[in-house]
Amino acid sequence: METITNKTLEKLKYELVRDGIVQYEILEKAEELANVQRINIGQALINSGILAEDTLLKFLESKLHIPYVNLEDYTPDPKCFKFISFPDARRYKIIPLFKIEDVLTVAMSDPLDLFAIDKIIETAECSIEPVISSETSILKKIDEYYKVADTVDSITLSEEEQETFDWTEELHKDEAGEEHIQHVIRAILTQAIIEDTHELNFEQSEEGLRVVFKQNGEPVDKGIIPSILNSAFVSKLKTLSNLDASVCEIPQLGKLCFKVDKSMLTASVSSFPTIMGERVSLKIYKPPQKLEKIIPDEKSRSVITHALNTPGIILVCGSPLSGKTHIIYSLLLEAAKSKKNIMTIESIAKYELKGVNQCELNENVGFNIDKALRFIEFQSPDLIYLEGVKTRDAFEFMSELFYNDKTILTEFMANNMTDLRQKLAFEDFQSFKSLISCLVFIHSKDSIEIFDQATLQKYLA
């Protein structure tokens, strides 16, 4: 993913110093923080408490002579949403407000982003009049009014339709253009949900783009998208996932949101270059549930809640696609009730969790797992979720966190309890496994076993 910038603030940042609003040294530190966290410098100043958002917005209004609009008290005209697509609205942090004759008034957090304005003028085919609004309020209004799921439409099917559904019927309809491609994407996602598939891949072949569902750990061929549609299909899928469709030489990671009946689902979307062309992989994640729905047994829940409030390592285990992330997000929601400082280090945040400070890695600016581990302790977290830890250094770091009275939540792949025991028998895990305060093992979606520290240590001895 590209570094997030704000051209308006880049141009005016030294005016903040000249006007005595921010000291130069603080501005430099804010720039470093912005690069690491993949946010713009304005958000870094606001998040750090250096500058109030109102102060920054009034400063921009006075310098640019562009009016400021508080979106909290404003209702956009829904008829104008057709002029700006959801991906463009999210990418450029821009939302249409109203249109008078040939002029579309839009709220922007970065009104000097001429590339964004030119892009919107091209797609909307009208003149653009920008006003300034906060980035947070713009994104909130986008999610509220675009209803995110409309990027691939809402998926609702009767039981009869589910029994006979085949995505290739949509492919063979006599249509053309982007809308047809979007309908094909929706149809493939629909079939994946009907068949309870959580991973699907699009693989290049001589015949075209092969659609492969991963079911019960095995790849299942579900048909081919003809070669003539390959480029358009991958491009549209990447655009919907907020990836750069013009770049195909490097891996990219994004996410796609869509609605099934009344539930919002998120899929991580990974593109990877191969000699045949890009391979795209989707992993679908269900929204987190309350802990009592997943673990109905009160005694088992008490083991978990005790572990969430005690220094130690909470390990969530299961086979691939068993639902480890789903369980972990539910545990994070439960932990958030305590009002503690809960932080995550993830490749991509699947769902936004209230009360949890979620952090996404960004290799493009050097913000990798090693750097995250070195700096996260300066944030004084009480509980840390580390996604997919596999290196010896990471295991040693978790031990250090434990000795500093931290609670650590992580996952580990094991097909069954025997497999787990064999893996943890290796010497590299000796210190790590002695610090496990709670084990959550997912045998299946209907069978989840909870071990407290005493029981687990006896089993692993």
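The values are calculated or read from the model by the stated rules, or taken from the named source; none is laboratory data. Computed from a predicted model, the values in this text were never measured in an experiment. A quick note on method: Cβ atoms are made from the backbone with ideal geometry, for glycine too, and the neighbour counts reach across all protein chains shown.
Worth pointing out:
- Leu229 meets the conditions (1) within 21 Å of the chain's Cα centre (by Cα); (2) farther than 11 Å from Glu278 by Cα; (3) not basic (Lys, Arg) in every case but one. The failed one is (1).
- Residue within the stretch 391-400 that is in contact (Cβ under 8 Å) with a residue 40 or more places away in the chain and not hydrophobic (A, V, I, L, M, F, W, C) present: no
- The residue that is surrounded by the fewest Cβ atoms within 10 Å (Cβ to Cβ), counting only those in the stretch 221-244 that are aliphatic (A, V, I, L, M) and within 15 Å of Gln204 (Cα to Cα), is Ile228.
- Annotation for the stretch 377-389: no member residue is of a type in the set (Val, Ile, Thr), over 23 Å from Glu334 (Cα atoms) and either touching a strand residue (DSSP E or B) at 6+ places or on another chain (Cβ under 9 Å) or in the same structural domain as Ser431 (by TED's automatic domain parsing) (or both).
- Qualifying residue in the stretch 259-271 (condition: within 30 Å of Asp405 (Cβ to Cβ) and surrounded by fewer than 19 Cβ atoms within 10 Å (Cβ to Cβ)): no
- Top-ranked residue in the stretch 255-275 [being in a loop (DSSP other than H, G, I, E, B) and modelled with pLDDT under 90; ranked as nearest to Ile188 (Cα to Cα)]: Asp261
Quick grid of which residues meet (1) under 17 Å from Gln204 (Cα atoms); (2) among the aliphatic types (A, V, I, L, M):
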site: Ser246; (1), (2): no, no
site: Lys255; (1), (2): no, no
site: Phe258; (1), (2): no, no
site: Pro273; (1), (2): yes, no
site: Glu278; (1), (2): yes, no
site: Leu282; (1), (2): yes, yes
site: Lys286; (1), (2): no, no
site: Lys290; (1), (2): no, no
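- Filter pass, Val316 being in contact with a helix residue (DSSP H, G or I) (Cβ under 6 Å, 6 or more places away or on another chain), crowded, with 19+ Cβ neighbours inside 10 Å and not in a helix (DSSP H, G or I): yes
- Cross-chain or 6+ apart pairs with Cβ under 6 Å, the stretch 293-313 first and within 15 Å of Ile408 (Cβ to Cβ), then of a type in the set (Phe, Trp, Tyr): Pro311/Phe402
- Those helices (runs of 4 or more DSSP H) of the stretch 360-461 in which 2 or more residues are surrounded by 14 or more Cβ atoms within 10 Å (Cβ to Cβ), at pLDDT 85 or above and of a type in the set (A, V, I, L, M) occupy 417-424.
- Members of the stretch 48-102 that are assigned to a strand (DSSP E or B) and either modelled with pLDDT under 85 or surrounded by 12 or more Cβ atoms within 10 Å (Cβ to Cβ) (or both): Tyr68, Ile94, Ile95, Pro96, Leu97, Phe98, Lys99
- The condition of being at pLDDT 90 or above and not in a strand (DSSP E or B) does not hold for Ser246.
- Here Thr123 does not qualify as over 22 Å from the mean Cα position of the chain (by Cα), at pLDDT below 75 and β-branched (Val, Ile, Thr).
- Filtering the stretch 331-352 to residues that are of a type in the set (S, T, N, Q) and surrounded by fewer than 21 Cβ atoms within 10 Å (Cβ to Cβ) leaves Ser338, Asn341, Ser347.
- Of the helices (runs of 4 or more DSSP H) lying entirely inside the stretch 132-194, those containing at least 1 residues that are of a type in the set (D, E, K, R), at pLDDT 80 or above and surrounded by 16 or more Cβ atoms within 10 Å (Cβ to Cβ) span 135-146, 168-171, 178-194.
- Checked against the criterion of being at negative phi and more than 17 Å from the chain's Cα centre (by Cα), the candidates Asn341, Asn364, Asn357 yield just one match: Asn341.
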